[in-house]
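Remarks on the structure that follows.
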Amino acid sequence: MSEESVDFLDFKLNKQLWSAVADAGYETPTEIQQKAIPLILAGNDVVGVAQTGTGKTAAYLLPLLMKIKYAKGDDPRALIVVPTRELALQVLESIKMLAKYTDLRAVALVGGVGMKTQKDTLAAGVDIVVATPGRLMDMYLPGFLVLKYLQVFVMDEAERLLDMGFRQQIDRMIEVMPRKRQNLLFSATWNAKVQEVSENFLLTPALIRINPEMKTVKSVSQVVYFTPNLRTKINLLDYFIKDITYRKMIIFCKTKTTATNIFKYLDRKYGEDSVRVVHGNKDQNTRINAIKLFKEDKLRFLVATDVAARGIDIEDVSHVFNFEVPLVYEDYIHRIGRTGRAMKLGDSVTFCAPDDEYHLKKIQKLIGDKIPVAAIPTEVEILPTPFEEEQKMRRQIDDQRKREDPTFQGAFHDKKGIQHSKKGDVAKNKNKGKEKKQAKAIARSKAKGKDKGK
Ligand code: AMP
């Protein structure tokens, strides 16, 4: 199909699917849809490298639904494996939406909830299974799930499946599937692991790359603020929140601890009806409920860690805040992809602490672009860094420098040595030194903003 094809009617779908697409409000197929749908409909194995928010779910679901068409037998003919529960439920929602004029039956097999309902649904007969690898095996091994009638096998967010260590489960699943099947693999990035899996399991696949350079979603604006410490980050966050145009914000944190602290802070300050937190320690129902409330515009803030937020499709997020820079650099792209989805505009704001500058540089290298820097507004109070926080950051910075240059001795560790030998002197000078350093850090964060300001 040519690039100019701009209508879903150009695809060899059927009336039921065209009507559902129209109901969903999709007018023009996205780039991945234009490229993938005809290839999948023609029966090819396909590898799609496309970022989140590009419309990749419908790109594989529409031809899949076309292929299995209507309810038949008891055992699934299509299996979609995804890394997280949230993504599984979201794909199930998309199936329900696109298959609404068919009698196709689908189920999501995910952990964190009891097995009984899922078992009963399987026993009643299903055509499509969406699953996370763990629960899939829990259902398969005791014989609740039969995989021998599979015609289509999809791995969605394959890079994440592999990062999360699901390779062995994938190998086992593939062993029990019929050899003659169509395989589709979607991944936000193309790396050696994904390539190896696609070479092993897919039959001369067609490769579609929508963003070969890993550019960030173009419709999202990006800006970074150099923030010397946690308390200043909170002041800056508060400054944005006062502006009501920041009406639906996801605030990403690196750790569960920070996520919980930010949640508690927002809960105290803006009320419990304004915020929820999602991270790996929250049970499945709490996570689903939080995302549902946020989707329905009943919350202004969702605080999230990367694992919990991965792949979530929430429409109309006004702002993504990176309260902390992610250590898995590709998560930066996934995070900011939560806003500006499907041709809409969105904004992302990143707070970068001194010990995150190293990671920020790596992210910029990955996205092949510099993120514009803005100065902390004068209304925002820049607070001094508490001693412990500063020690922690300096230790991190030392480790980063060592990683880059193994001969580097470590400024921080040296100093610590001196402290041990001249304890009294150091104690006396500690505060003086600390003040100087803080003044320097503040001056640096201000200067950076000014130099490179938007
Ligand atoms: P995905 O990349 O599959 O997570 O899709 C991102 C968002 O784009 C979802 O909210 C879809 O409903 C939406 N979407 C998918 N295809 C289209 C389309 N052709 N036009 C407009 N929105 C779309």
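The values are calculated or read from the model by the stated rules, or taken from the named source; none is laboratory data. The model shown is predicted, which means the values in this text are computed figures rather than measured ones. Glycine also receives a Cβ, built like all others from the backbone with ideal geometry; neighbour counts cover every protein chain displayed. Remember, those area values only see protein heavy atoms, side chains included, never the ligands or the DNA or RNA. Shrake-Rupley method; radii C 1.70, N 1.55, O 1.52, S 1.80 Å.
Looking at this structure, is I250 under 30 Å from G43 (Cα atoms) and part of a strand (DSSP E or B)? It is false that I250 is under 30 Å from G43 (Cα atoms) and part of a strand (DSSP E or B).
Can you find a residue in the range 42-50 that is in contact with a Lys or Arg (Cβ under 8 Å, 6 or more places away or on another chain) and under 23 Å from D103 (Cα atoms)? No, the conditions are met nowhere in the range 42-50.
When the residues of the range 298-314 are filtered to those that are open to solvent by 50 Å² or more (accessible area, probe 1.4 Å) and at pLDDT 90 or above, the one that is farthest from the ligand (Cβ to nearest atom) is R300. No other residue among R338, R247 is touching a Lys or Arg at 6+ places or on another chain (Cβ under 8 Å), modelled with pLDDT under 90 and either surrounded by fewer than 21 Cβ atoms within 10 Å (Cβ to Cβ) or within 26 Å of F226 (Cα to Cα) (or both) apart from R247. Among the residues of the range 89-109, what is the count of those that are under 20 Å from the mean Cα position of the chain (by Cα) and over 16 Å from L136 (Cβ atoms)? Residues meeting the conditions: 3. The residue that is farthest from M97 (Cα to Cα), counting only those in the range 14-28 that are open to solvent by less than 40 Å² (accessible area, probe 1.4 Å) and more than 11 Å from the ligand (Cβ to nearest atom), is N14.
Checking V126 against (1) outside any loop (DSSP other than H, G, I, E, B); (2) of a type in the set (V, I, T); (3) open to solvent by less than 10 Å² (accessible area, probe 1.4 Å), which single condition isn't satisfied? It fails just one condition, (1). Can you name every one of the helices (runs of 4 or more DSSP H) wholly within the range 141-242 that holds 2 or more residues which are in the same structural domain as V317 (by TED's automatic domain parsing)? Per the criteria, 230-241. In the set L41, L79, L89, only one residue is open to solvent by 10 Å² or more (accessible area, probe 1.4 Å), under 27 Å from Q118 (Cβ atoms) and more than 9 Å from the ligand (Cβ to nearest atom); that residue is L89. Remark: pairs (first residue in the range 18-37, over 16 Å from K56 (Cα atoms); second residue more than 8 Å from the ligand (Cβ to nearest atom) and open to solvent by 60 Å² or more (accessible area, probe 1.4 Å); Cβ separation under 6 Å; 6+ apart in sequence or on different chains) = S19/Y101; A20/K100; A20/Y101.
Per-residue answers, yes or no, for (1) surrounded by fewer than 15 Cβ atoms within 10 Å (Cβ to Cβ); (2) under 23 Å from Q118 (Cβ atoms):
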{"site": "K148", "(1), (2)": "yes, yes"}
{"site": "F153", "(1), (2)": "no, yes"}
{"site": "Q182", "(1), (2)": "no, no"}
{"site": "W190", "(1), (2)": "no, no"}
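Screening Y60 on (1) open to solvent by 30 Å² or more (accessible area, probe 1.4 Å); (2) at pLDDT 95 or above shows it passes everything except condition (1). Filtering the range 29-38 to residues that are at pLDDT 90 or above and open to solvent by 40 Å² or more (accessible area, probe 1.4 Å) leaves only K35.
Return yes when K100 is free of Cβ contacts under 8 Å to residues at least 60 places away in the same chain, touching a helix residue (DSSP H, G or I) at 6+ places or on another chain (Cβ under 9 Å) and open to solvent by 10 Å² or more (accessible area, probe 1.4 Å) and no when it is not. No; evaluated as a whole, the condition is false for this residue. Of all residue pairs spaced 6 or more apart or on separate chains, those with beta-carbon atoms under 8 Å, a first member in the range 228-244 that is open to solvent by 10 Å² or more (accessible area, probe 1.4 Å) and a second member that is of a type in the set (K, R) are D238/K269. Residues that are open to solvent by 30 Å² or more (accessible area, probe 1.4 Å) and in contact (Cβ under 8 Å) with a residue 60 or more places away in the chain within the range 129-146 comprise just one, V146. How many residues are among the charged types (D, E, K, R) and crowded, with 24+ Cβ neighbours inside 10 Å when one looks only at the range 44-57? Residues meeting the conditions: 1. If I filter the range 267-276 for residues that are more than 23 Å from D356 (Cα to Cα), in a loop (DSSP other than H, G, I, E, B) and not acidic (D, E), do I get at least one hit? So far as the range 267-276 goes, yes, one or more of its residues are more than 23 Å from D356 (Cα to Cα), in a loop (DSSP other than H, G, I, E, B) and not acidic (D, E).
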